[in-house]
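Data first, discussion second: the structure below is written as structure tokens.
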Amino acid sequence: MSTSAGVPQKTIYVTLSGLPLSFRLDWPFRAASSGADFHVLHTEIALENSGGLRALVAVNLSVTLREVLPSLQAKDAEAPVINALRKDVDHKQIEFVKSGKLIPLPFSSRHYDFKRSQWVFGKATDENIARLIERKIYWQTRLVGGDVWLDDPTEALYVQSTTEHLAEIAAGLTKLGLFTTSRGYATALPALMDQTERFESEMASARLELEQKHAFERG
């Protein structure tokens, strides 16, 4: 979460498929009560603009990945955890319901390149990054309000890029009159916020695909 005048502010993180999410993470990671050799972080993921759908997740940190993290606190683990969960949503591994049981999900070495010592969540094209930026600004503005932080390292990590490159793409989008930028923040303009039908449609399509996948698995 970002802060405004010292007050925590909800941050919207959009998936590449177009689903706006928010996260509530119960820091820090804790040793598994079962005695297993992994640590657990309880998390609630809200599917925004859905009438209260959510997913309750137990993020299970593997021993191997634990050695990579400087600490089990939010300052060192929040960005990769959020992006690992976003990727699980991208891959339709998480189902959103009104109420449900805690789902265990592995936070393991599949998200880390040990040879290059870097997190790996899949490199996005510039076109996909541009679409992500538009969605981010739209949903954050609509659901929370205020200016939108574009220099968030979590976003750059999600698309396997840099905040500088995201800023370059955002600068190109400003020429379309969708938003303005200043000091790493974006201010939405009517040309973007008037595209409600587009963003709602993208979300509905992604949500339908997700729900159909889980309905099929349930038989």
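The values are calculated or read from the model by the stated rules, or taken from the named source; none is laboratory data. Quantities reported herein were computed from a predicted structural model and do not represent experimental measurements. Neighbour counts are summed over all protein chains in view; Cβ atoms, including those assigned to glycine, are modelled from backbone coordinates with ideal geometry.
What to note about this one:
- Identity of the residue in segment 77-114, among the charged types (D, E, K, R) and farther than 30 Å from residue 216 by Cα, that ends up surrounded by the most Cβ atoms within 10 Å (Cβ to Cβ): 78
- Meets criteria (modelled with pLDDT of 90 or more and not in a helix (DSSP H, G or I)) for residue 145: yes
- Total residues in segment 70-104, condition among the hydrophobic types (A, V, I, L, M, F, W, C) and either at pLDDT below 90 or at positive phi (or both): 3
- Those residues of segment 16-45 which are farther than 23 Å from residue 122 by Cβ and among the small types (Gly, Ala, Ser), in sequence order: 31, 32, 33, 34, 35, 36
- Residue in segment 196-203 that is among the basic types (Lys, Arg), surrounded by fewer than 18 Cβ atoms within 10 Å (Cβ to Cβ), at pLDDT 90 or above and within 29 Å of residue 53 (Cβ to Cβ) present: yes
- Residue list for segment 184-213, restricted to those being not acidic (Asp, Glu) and not in a helix (DSSP H, G or I): 184, 185, 186, 187, 188, 189, 195
- Residues of segment 200-219 satisfying the condition of being touching a Phe, Trp or Tyr at 6+ places or on another chain (Cβ under 9 Å) and either among the aliphatic types (A, V, I, L, M) or assigned by TED's automatic domain parsing to the domain that holds residue 149 (or both): 203, 210
Results for (1) loosely packed, with under 15 Cβ neighbours inside 10 Å; (2) touching a strand residue (DSSP E or B) at 6+ places or on another chain (Cβ under 9 Å), shown as yes or no for each residue.
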residue: 18; (1), (2): no, no
residue: 28; (1), (2): yes, yes
residue: 45; (1), (2): no, yes
residue: 48; (1), (2): no, yes
residue: 71; (1), (2): yes, no
residue: 75; (1), (2): yes, no
residue: 117; (1), (2): yes, no
residue: 125; (1), (2): yes, no
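- Qualifying residue in segment 48-57 (condition: at pLDDT below 90, at positive phi and not hydroxyl-bearing (Ser, Thr, Tyr)): no
- Applying a threshold of 8 Å to beta carbon distances and a minimum spacing of six or more residues, or different chains, the list of pairs starting in segment 192-219 at a residue that is farther than 26 Å from residue 178 by Cβ and ending at one that is in a helix (DSSP H, G or I) and among the hydrophobic types (A, V, I, L, M, F, W, C) reads 210/89.
- Whether a residue is exposed (fewer than 13 other Cβ atoms within 10 Å of the Cβ), touching a residue at least 40 places away in the same chain (Cβ under 8 Å) and not aromatic (Phe, Trp, Tyr) was assessed, and residue 177 does not pass this test.
- Among the candidates 162, 141, the residue that is at negative phi, without any contact (Cβ under 8 Å) to a residue 60 or more places away in the chain and buried (at least 18 other Cβ atoms within 10 Å of the Cβ) is uniquely 141.
- For residue 169, the stated conditions do not hold, so it cannot be described as in a helix (DSSP H, G or I), within 16 Å of the chain's Cα centre (by Cα) and surrounded by 13 or more Cβ atoms within 10 Å (Cβ to Cβ).
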